[in-house]
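Novice: This is the structure, below, for whatever I ask next.
The values are calculated or read from the model by the stated rules, or taken from the named source; none is laboratory data. Note that the coordinates shown come from a computational prediction; the quantities given were computed from them, not determined experimentally. Every residue, glycine as well, gets a Cβ built from its backbone with ideal geometry; the counts of neighbours run over all protein chains shown.
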Amino acid sequence: MTNRISCSLALALALGSTGCRYRPARFADHPAVVKVGDDLPIPVPDRNDFDELLHVSDVYLRRPLFDALSPAEPPEAADVNAFDEVPVSSWYAPPRQLSEILADHDAPLGGPPVAPLVLLDDAPTLGSSSGGLTVVDARGARYELEHDDARRPELRTGAAAVGSRALRGLGIRTPDVWIVELAPGDIELSRPSGAPEPLAEDARARARAREKRLVAFFDGGPKLPPNQGRHRVSATRWAAGIDVGITPDFGSRGDDANDLIAHNDRRTLRALSLFGSFLAFDGFGVRRTRDVYVGEPGKGHLVHYVVGLDRSLGAGSVVDPLPPYRPLSGRRGESTWQNLVLLGFAPAPRPKATQRRYLSLGTIGPLANPLGMDTALPYGPFVRLSRADGYWAAKRIAGLLSPASTLEAIVDAGQFGDRAARDELLLLLRLRARQIVGHWFHQVTPIEVLTTEDTRLVLRDEAIFGGYAPAEEIVYELAYLDGEGRALAPPWTLQAQSHTLVLDVPKTIVDPKRSAVLHIRASRRGHPAPAFCDVHLAFYVGGVRAYAVTHLPR
Amino acid sequence: MNGRVGSAFALWATLFAVGSPVRAEPAANLAGKERTAADPKQQTTAALDTALYPARALVDLTIATTSNAQTLIEDQQVVPRTRNLLFSRRGEIGVFPTAFFETGLNPNVGARMVVSVDRFASTLRVGYGGQDKNLAESRLRWVFRGDTPFVLTTEGYYERAVGGFAGFGPQPERDPRNAFRVDQPLRSASFVESRQRAITSLGRRLAANVEAIVSTSVQIRRIEESPEAGAATFGRVFDRRRVSGALTPTARTYNELTLRVDTRENRGTPVPGQLLEGYVGISHGIRYTPNDHGTVGFRAASFLPVVRPTNILSPRLAVDAVVPFGEAPIGFREARAGNEFRGFDGRVDNISVVASLDYRWAIARYVAARLFVDSTTVTPTLKDLDLRTLRYAVGGGIDLHTSTTEVGRIAVALSEGSARFLFSYGLPPAGFGDRQHR
């Protein structure tokens, strides 16, 4: 009896000691990870193809049941370091130079295809439409060729070139895409040297099939004026290694020893929802992701790509020509509940024809969905997009806007002949970016640590810095807390003066024997941000340094 | 071009300014977080989340193993993650556990071994759900490609399971064929059945929409009393000596020819079309089983678009008949029941009839809703068919499907004053009735 009472009391005290106040996370005081060593040699994994049956049952049955039995908030992203940033890894490759975005590199097999090109029998694996070609160039590099629809010159090829570079600018690996001009005579039909000689009859049949495909390819696309013989084509370099199939969107790859984080807990994949919304990426799903094994078999590792960017910039949702509208046609209404309640007779949404003012632009407008892009099948990581994830994605998108030349260079890679279309696309992307960035900068307290000088902290408010909120509207509530959430000094409020926040840590708090947390919440026009910012501080004699930053909801 | 890339780079540079020397390490606890933040508002949900962990693990295991099992039964592609987890290095032989699958939804565990080499596939499965709920089955399948592919399958099967019997006829309590014991009021009995079965079938696609299947089987049944039946044991409800097949083991061969014409584009999404299936079979008693009988039946269904091709109204009629040869009555386990009826009805007789009307419509990609009305009865002969003995069930549900096949369905049927919850997950049976597996 006495033991039972003692245990209950201890439990009550333990709960009571933390039960009434916020307690910050605790981080090890280590250097922040800036690069993940997930490139250890592994055997070539098995190919992972999309299985519709298992995927549909997983997405609509197992995961909803699993999530229904998980009342807690989804876990925070696990691929972030102590500064709430994503380190460089096989999943995330932030460019440091513009040339990395534009693929202006001197890699042995980099750049556009080098003549002569030889047609392969393999069908393209990345393109969204049928009728593409696969070729190998003089260096042995493999490219997948796609052309535009005759009614929409430059649309898909431009989207592929621009979309892939934009996504690369956001740190996501995409295949290199080049706009080239080709004529049928630029592609040879003979087999690559070194291939085994087939039977004569088989060889003739294959040659006829290749010729047929080549003719169909060039007949199907628009021809470049004034030279009617040449065609604008996108050439996608694929794959720079062994394509081992799709990247699972849930869990991790069991045959990749480097894959230690469940994919739905990866910030890079969660952020794709916002990157895709920014780029009007239609048709994204697990089939638009790829794992590629790079290196010699047995000594290489996987890197992870997003493909199919020819459907970005609204190119994948073009309605042209407009089909006759029949409210009770075979098309379903957009609302599932409406369809359910009306027994399948919900009127189909009235389609809207895509603008024809700029034929090289798709269904893309100035309004982007700041909550993320829609997908036909639920994509695991998107379900777990958190405020911190959205904020991180917003910072990446904001990075493309400044300097202005970055986005201009990306759009210029589309080689749009119509200058007005190019300018329009640039404007639309900027508007969409600001919409998404503005939304997510207000979902957190967007404070970042710029530097420390002795006991002085220099912080920056990203929303004010980017022009997404005027300083006069922002007020900060600040407090220094210890590891258990107890205040080390009276909390105070501060009116923002500019994007920079300079704080002198009180001498009474500076103590090399302990750490502290600067707890900040921004309010805009009296409305507190849904998430605060914790800056974790360590002290040394006469100085302070920040060793961790979090942006968490409360 | 060599320009710097925006403020993102500047932010990245702060890591060098305020952090310490960079480091690279494997991806585990990258943040170095030793303890997560705690908020009193989230503590309750966190505690609940922990308490529900076993339930989540159970859902994960059940669905993962069930879906894997169903996928492998139908020789569908084995996704690499499953292959890596369970299969031998060359991916030809695999063994994996199952749960809540082999012997039904009662708690049971099992295991499957799958061999898949080129056009040959073999599965061996065992399941244990208790002394009176266990099974073992082996299937071998060869697929021969060509202009019209055909499939040869052989199976061996053993099962021990609990069953029920309420007597023959549409109104069993009034049917003189039923030897109810007069000294007790119960009219439904429970029993344990042991079955051993070997089946060989050859299926061939004769034309684009036409399939033919020839099958032969040998089956031995033994009926025993169920220790869990309480007062409803077979011998207490019926005079076992007067119920054919209840007292002594039955052994019989069964040969059947089935033809199926299905003009639907696929069996997953709601699509229009017509379906007609028919079969004819002969069952011959062997060893001490004296009676022979024939079987015949059909199912006809029309899938009619209602304004939209994704709204399908399908009236269906299924008739299933067993025709005794000679004077000996058919065994009670060979009698026909309305297996397609989704309500409550345990009646059996020589002929069963099930008429249904389903309305199915697409509500989202991969998801369809369904409303249905079923009616059923049994009768000794067509002449004695009495529509006043029809039983009805109405209900609705949601189906999950891929672009080619059904994945699962959940439904509720109201019948006889009660509600029946129907849940199926995995690929649907290849054909209707499937007499060989009864």
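Novice: Take the conditions at pLDDT below 90, outside any helix (DSSP H, G or I), farther than 27 Å from A:Leu428 by Cβ and away from chain B (no Cβ under 14 Å) and apply them to A:Ser252. Does it pass?
Specialist: no
Novice: Restricting to segment B:236-289, name every residue that is part of a loop (DSSP other than H, G, I, E, B) and crowded, with 19+ Cβ neighbours inside 10 Å. Give the derivation first.
Specialist: Keep residues of segment B:236-289 that are part of a loop (DSSP other than H, G, I, E, B), which gives B:239, B:243-249, B:263-272, B:286-289.
Within segment B:236-289, B:Val243, B:Ser244, B:Gly245, B:Ala246, B:Gly268, B:Thr269, B:Pro270, B:Thr289 qualify.
Novice: Whether any residue in segment B:353-366 is β-branched (Val, Ile, Thr) and under 30 Å from B:Thr402 (Cα atoms) is what I want to check.
Specialist: Taking segment B:353-366 first, the residues β-branched (Val, Ile, Thr) are B:353-354, B:363.
Those left that are additionally under 30 Å from B:Thr402 (Cα atoms): B:354, B:363.
Yes, segment B:353-366 has at least one match.
Novice: Quick check on my filter: what residues within segment A:85-106 are at pLDDT below 95, of a type in the set (D, E, K, R) and under 22 Å from A:Glu448 (Cα atoms)?
Specialist: Residue satisfying the conditions is A:Arg96 alone.
Novice: Mind checking which residues of segment A:212-248 are assigned to a loop (DSSP other than H, G, I, E, B), within 22 Å of A:Ala413 (Cα to Cα) and at pLDDT 85 or above? Walk me through it before giving the result.
Specialist: Taking segment A:212-248 as the starting set, the residues that turn out to be assigned to a loop (DSSP other than H, G, I, E, B) are A:221-222, A:224-230, A:238-241, A:244, A:246-248.
Now narrow it down to the ones that are within 22 Å of A:Ala413 (Cα to Cα): A:221-222, A:224-227, A:230, A:238-240.
Scanning segment A:212-248 gives a single hit, A:Trp238.
Novice: So which residues in segment A:318-347 are modelled with pLDDT under 70 and among the aliphatic types (A, V, I, L, M), if there are any at all?
Specialist: The one that is modelled with pLDDT under 70 and among the aliphatic types (A, V, I, L, M): A:Leu328.
Novice: Hey, another quick one. Among the residues that make up segment B:325-340, is at least one of them outside any strand (DSSP E or B), farther than 23 Å from B:Asn178 by Cα, more than 14 Å from every other protein chain (Cβ to nearest Cβ) and modelled with pLDDT under 95?
Specialist: Residues of segment B:325-340 outside any strand (DSSP E or B): B:326-335, B:337-340.
Those left that are additionally farther than 23 Å from B:Asn178 by Cα: B:340.
Filter once more, keeping what is more than 14 Å from every other protein chain (Cβ to nearest Cβ): B:340.
After this cut, where a residue has to be modelled with pLDDT under 95 as well, the list is B:340.
Looking through segment B:325-340, at least one residue is outside any strand (DSSP E or B), farther than 23 Å from B:Asn178 by Cα, more than 14 Å from every other protein chain (Cβ to nearest Cβ) and modelled with pLDDT under 95.
Okay, residues lined up against (1) without any contact (Cβ under 8 Å) to a residue 60 or more places away in the chain; (2) surrounded by fewer than 20 Cβ atoms within 10 Å (Cβ to Cβ); (3) facing another protein chain (nearest Cβ under 7 Å); (4) within 22 Å of the chain's Cα centre (by Cα):
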position	(1), (2), (3), (4)
A:Ala32	no, no, yes, no
A:Phe50	no, yes, no, yes
A:His55	no, no, no, yes
A:Leu61	yes, yes, yes, no
A:Asp67	no, yes, no, no
A:Pro75	no, yes, no, yes
A:Asp79	no, no, yes, yes
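Novice: Let me ask you something else. Is it true that A:Pro45 is assigned to a loop (DSSP other than H, G, I, E, B), farther than 25 Å from A:Leu401 by Cα, in contact (Cβ under 8 Å) with a residue 40 or more places away in the chain and at the interface with chain B (Cβ under 9 Å from one of its Cβ atoms)?
Specialist: Details: assigned to a loop (DSSP other than H, G, I, E, B): yes; farther than 25 Å from A:Leu401 by Cα: yes; in contact (Cβ under 8 Å) with a residue 40 or more places away in the chain: yes; at the interface with chain B (Cβ under 9 Å from one of its Cβ atoms): yes.
For A:Pro45, the condition - assigned to a loop (DSSP other than H, G, I, E, B), farther than 25 Å from A:Leu401 by Cα, in contact (Cβ under 8 Å) with a residue 40 or more places away in the chain and at the interface with chain B (Cβ under 9 Å from one of its Cβ atoms) - is met.
Let's see how each residue does on (1) of a type in the set (Val, Ile, Thr); (2) modelled with pLDDT of 95 or more; (3) in contact with a strand residue (DSSP E or B) (Cβ under 8 Å, 6 or more places away or on another chain):
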{"residue": "A:Ala463", "(1), (2), (3)": "no, yes, yes"}
{"residue": "A:Leu478", "(1), (2), (3)": "no, yes, yes"}
{"residue": "A:Thr508", "(1), (2), (3)": "yes, no, no"}
{"residue": "A:Ser515", "(1), (2), (3)": "no, no, yes"}
{"residue": "A:Ala531", "(1), (2), (3)": "no, no, yes"}
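Novice: Could you tell me whether B:Pro315 is in a strand (DSSP E or B), modelled with pLDDT under 90, closer than 23 Å to B:Gly278 by Cα and away from chain A (no Cβ under 14 Å)? Steps first, answer last, please.
Specialist: Details: in a strand (DSSP E or B): yes; modelled with pLDDT under 90: no; closer than 23 Å to B:Gly278 by Cα: yes; away from chain A (no Cβ under 14 Å): yes.
Spelling it out, it is not the case that B:Pro315 is in a strand (DSSP E or B), modelled with pLDDT under 90, closer than 23 Å to B:Gly278 by Cα and away from chain A (no Cβ under 14 Å).
Novice: Considering only residues that are of a type in the set (Gly, Ala, Ser) and within 29 Å of A:Ala531 (Cβ to Cβ), which ones fall in segment A:21-70?
Specialist: So the first thing to find is which residues in segment A:21-70 are of a type in the set (Gly, Ala, Ser), and the list is A:25, A:28, A:32, A:37, A:57, A:68, A:70.
Answer for segment A:21-70, where residues must be of a type in the set (Gly, Ala, Ser) and within 29 Å of A:Ala531 (Cβ to Cβ): A:Ala25, A:Ala28, A:Ala32, A:Ala68, A:Ser70.
Novice: Hey, another quick one. B:Ser217: surrounded by fewer than 20 Cβ atoms within 10 Å (Cβ to Cβ), in contact (Cβ under 8 Å) with a residue 24 or more places away in the chain, touching a Lys or Arg at 6+ places or on another chain (Cβ under 8 Å) and of a type in the set (Ser, Thr, Tyr), yes or no? If you could, list the steps in order and put the result at the bottom.
Specialist: Values: surrounded by fewer than 20 Cβ atoms within 10 Å (Cβ to Cβ): no; in contact (Cβ under 8 Å) with a residue 24 or more places away in the chain: yes; touching a Lys or Arg at 6+ places or on another chain (Cβ under 8 Å): yes; of a type in the set (Ser, Thr, Tyr): yes.
So B:Ser217 fails the test.
Novice: Related question: Could you count how many residues in segment B:363-372 are buried (at least 17 other Cβ atoms within 10 Å of the Cβ) and modelled with pLDDT of 90 or more?
Specialist: 4
Novice: Could you check segment B:392-401 and list, in sequence order, the residues that are surrounded by fewer than 19 Cβ atoms within 10 Å (Cβ to Cβ) and more than 16 Å from A:Leu340 (Cα to Cα)?
Specialist: Initial filter on segment B:392-401 (surrounded by fewer than 19 Cβ atoms within 10 Å (Cβ to Cβ)): B:392, B:394, B:396, B:398.
Listed by number, the residues that qualify are B:Tyr392, B:Val394.
Novice: Something else about it: Please specify each residue of segment A:145-185 satisfying the condition of being in contact (Cβ under 8 Å) with a residue 60 or more places away in the chain, farther than 24 Å from A:Gln97 by Cα and in contact with a Gly (Cβ under 7 Å, 6 or more places away or on another chain).
Specialist: A:Leu145, A:Glu146, A:His147, A:Asp148, A:Ala150, A:Glu154, A:Leu155
Novice: Condition check: surrounded by fewer than 18 Cβ atoms within 10 Å (Cβ to Cβ) and closer than 20 Å to B:Gly230 by Cβ. Does B:Pro185 satisfy that?
Specialist: Working: surrounded by fewer than 18 Cβ atoms within 10 Å (Cβ to Cβ): yes; closer than 20 Å to B:Gly230 by Cβ: yes.
Judged against the criteria, B:Pro185 is a match.
Novice: Can you find even one residue in segment B:183-197 that is farther than 30 Å from B:Leu387 by Cβ and not in a strand (DSSP E or B)?
Specialist: Yes; the residues of segment B:183-197 include at least one that is farther than 30 Å from B:Leu387 by Cβ and not in a strand (DSSP E or B).
Novice: Against the definition (within 14 Å of chain A (Cβ to nearest Cβ) and closer than 20 Å to B:Phe303 by Cα), how does B:Ala364 come out, yes or no? Break it down into steps so the answer makes sense when it comes.
Specialist: Details: within 14 Å of chain A (Cβ to nearest Cβ): yes; closer than 20 Å to B:Phe303 by Cα: yes.
For B:Ala364, the condition - within 14 Å of chain A (Cβ to nearest Cβ) and closer than 20 Å to B:Phe303 by Cα - is met.
Novice: Which ones in segment A:200-211 are within 14 Å of A:Asp122 (Cα to Cα) and more than 38 Å from the chain's Cα centre (by Cα)?
Specialist: Here is the first cut: in segment A:200-211, the residues within 14 Å of A:Asp122 (Cα to Cα) are A:206-207, A:209-211.
Of everything in segment A:200-211, those that are within 14 Å of A:Asp122 (Cα to Cα) and more than 38 Å from the chain's Cα centre (by Cα) turn out to be A:Arg206, A:Ala207, A:Ala209, A:Glu211.
Novice: Looking at segment A:217-239, can you tell me whether even one residue there is of a type in the set (Phe, Trp, Tyr), within 31 Å of the chain's Cα centre (by Cα) and more than 23 Å from A:Thr354 (Cβ to Cβ)?
Specialist: First, pick out the residues of segment A:217-239 that are of a type in the set (Phe, Trp, Tyr): A:217-218, A:238.
From what is left, the residues that are within 31 Å of the chain's Cα centre (by Cα) are A:238.
Filter again for more than 23 Å from A:Thr354 (Cβ to Cβ), leaving A:238.
Yes, because at least one residue in segment A:217-239 is of a type in the set (Phe, Trp, Tyr), within 31 Å of the chain's Cα centre (by Cα) and more than 23 Å from A:Thr354 (Cβ to Cβ).
Novice: Can you spot a residue in segment A:421-441 that is closer than 30 Å to A:Gln495 by Cα, among the β-branched types (Val, Ile, Thr), part of a helix (DSSP H, G or I) and free of Cβ contacts under 8 Å to residues at least 60 places away in the same chain?
Specialist: Step one: of segment A:421-441, the residues closer than 30 Å to A:Gln495 by Cα are A:430-441.
Imposing the further condition that a residue be among the β-branched types (Val, Ile, Thr) reduces the set to A:436-437.
Pick out the ones that are also part of a helix (DSSP H, G or I) and you get A:436-437.
Then drop every residue that is not free of Cβ contacts under 8 Å to residues at least 60 places away in the same chain, which leaves A:437.
Yes, some residue in segment A:421-441 is closer than 30 Å to A:Gln495 by Cα, among the β-branched types (Val, Ile, Thr), part of a helix (DSSP H, G or I) and free of Cβ contacts under 8 Å to residues at least 60 places away in the same chain.
Novice: While we're looking at this one, here's another question. Does A:Val502 satisfy the criteria of being over 20 Å from A:Leu537 (Cβ atoms), assigned to a strand (DSSP E or B) and away from chain B (no Cβ under 14 Å)? Walk me through how you get there before you give the answer.
Specialist: On the way: over 20 Å from A:Leu537 (Cβ atoms): no; assigned to a strand (DSSP E or B): yes; away from chain B (no Cβ under 14 Å): yes.
No; evaluated as a whole, the condition is false for this residue.
Novice: Could you look through segment A:262-292, keep only residues that are surrounded by 23 or more Cβ atoms within 10 Å (Cβ to Cβ) and assigned to a loop (DSSP other than H, G, I, E, B), and pick out the one that is farthest from the other protein chains (Cβ to nearest Cβ)?
Specialist: Here the residue is A:Ala280.
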